[in-house]
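Chemist: After the structure tokens below, expect a handful of questions from me.
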Amino acid sequence: ILYILASFIETLSEPLLISCLQTLDVASRASAEGMATAVKAVTCVLTLKVLDTIDSSSSDAWSVTAFGIAQLSYAITLTATLYYRKWNVIQYPRFIPPPSQHNKSFLHDNFHLPTLNLTFLLSLQSIFKHCLTEGDKIVLTALSDSYDQGIYAMTLSYGSIICRCIFQPLEENARLLFARQYVLVKQQQQNHHLSKKQHQ
């Protein structure tokens, strides 16, 4: 339940993360994620110590609860920090009331249908990608004991820490930077063609 609640709260910060990526606001995102990670680590340690003090006989049973509380604190800190730093740039959607014409619809007036279709396809792709990337963990959880799962998780985390710390931020920022440059080039080409037509 704690992980579900943390995921829901962290989802609320997703529009602001996208805004940070689109505007290349690395400072806001780095500060929010850094602060959230620090709060998560401190919360996990303190929660484990407190729960162990309360009931030392069943410390293993409280371990998952401590990690769940730490993840919840991470989500709350991340979301609160992003909303604090990006509050002035939030643009809330304004829906157009349903038209009286029969040839139009509420969905057509309020949403860009090609983008909506692309979002649906990307969601299906994300589900399929999740099944491929997390399939080994799902099988391991179903067929192995906790000791083997812990060794696998530790090996996987330490093995991929360099890629996650160095290459993932570069990949995300480079992808968005190239996308923005492509849009700028397209706009310049369109402006150039319009200026040519006006001179003719």
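The values are calculated or read from the model by the stated rules, or taken from the named source; none is laboratory data. Please read all numbers here as calculations on a predicted model, not as lab measurements. Cβ: placed from backbone, ideal geometry, glycine included. Neighbour counts: every protein chain shown. Heavy atoms of the whole protein, side chains included, go into the accessibility calculation; ligands, DNA and RNA do not. Shrake-Rupley method; radii C 1.70, N 1.55, O 1.52, S 1.80 Å.
Chemist: For the chain, set up a GNM with springs between Cα atoms under 10 Å and report which of S157, S13, S146 has the largest fluctuation.
Modeler: So, out of S157, S13, S146, the one fluctuating most is S146.
Chemist: Which lysines, on any chain, are close to K137 with Cα under 29 Å apart, when same-chain ones fewer than 8 places away are left out?
Modeler: The reachable lysines, counting only those whose Cα sits under 29 Å from K137, are K40, K49, K129.
Chemist: Here's another thing I want to ask about it. With a 1.4 Å probe and every protein chain kept in, tell me what percent of the accessible surface of the chain is carbon plus sulfur.
Modeler: Summing carbon and sulfur atoms, their accessible area is 66 percent of the total for the chain.
Chemist: ³J(HN,Hα) across segment 12-24 via Karplus (A = 6.51, B = -1.76, C = 1.60, θ = phi - 60°), whole Hz, x for Gly/Pro?
Modeler: Karplus-based 3J(HN,Hα) across segment 12-24 equals 5, 8, 4, x, 6, 5, 5, 4, 4, 5, 5, 8, 6 Hz.
Chemist: Pick out which of K86, K49, K137 has the largest mean-square fluctuation in a Gaussian network model of the chain, springs linking Cα atoms closer than 10 Å.
Modeler: Residue with maximal mean-square fluctuation among K86, K49, K137: K137.
Chemist: Further, regarding this structure: Give me the mean projected area, in nm² to one decimal, of the convex hull enclosing the Cα positions of segment 1-92.
Modeler: 6.2 nm²
Chemist: Where a ≥ b ≥ c are the square roots of the eigenvalues of the C-alpha gyration tensor, would you call segment 1-53 rounded, which needs a/c under 1.5, or, failing that, prolate if a/b is larger than b/c, or oblate?
Modeler: It comes out oblate by the Cα gyration axes.
Chemist: Take I151 and D52, extend 7 Å from each Cα along the Cα→Cβ direction, and tell me the distance between the two endpoints in nm.
Modeler: 2.4 nm
Chemist: Average the reciprocal distances over every distinct pair of alpha-carbons in the chain, invert the result, and give the Kirkwood radius in Å.
Modeler: The Cα-based Kirkwood calculation yields 21.4 Å.
Chemist: Please enumerate, by chain and number, the lysines with C-alpha under 16 Å from the C-alpha of K186, excluding those fewer than 8 residues away in the same chain.
Modeler: The qualifying lysines are K196.
Chemist: Please compute the per residue accessible area over the chain with all protein chains in place, 1.4 Å probe, rounded to a whole number of Å².
Modeler: About 78 Å² of surface per residue is accessible.
Chemist: Computed over the Cα atoms, what is the radius of gyration of segment 104-183 divided by 2.2 N^0.38 Å, N being its residue count? Present the calculation step by step, with values, prior to reporting the outcome.
Modeler: Values: Rg = 19.2 Å, N = 80, 2.2 N^0.38 = 11.6 Å.
Taking the Cα Rg and dividing by 2.2 N^0.38 Å, one obtains 1.66.
Chemist: Now, a different point. Considering only A38, A153, A30, give the residue with the highest GNM mean-square fluctuation for the chain, with springs between Cα atoms whenever their separation is below 10 Å.
Modeler: A153
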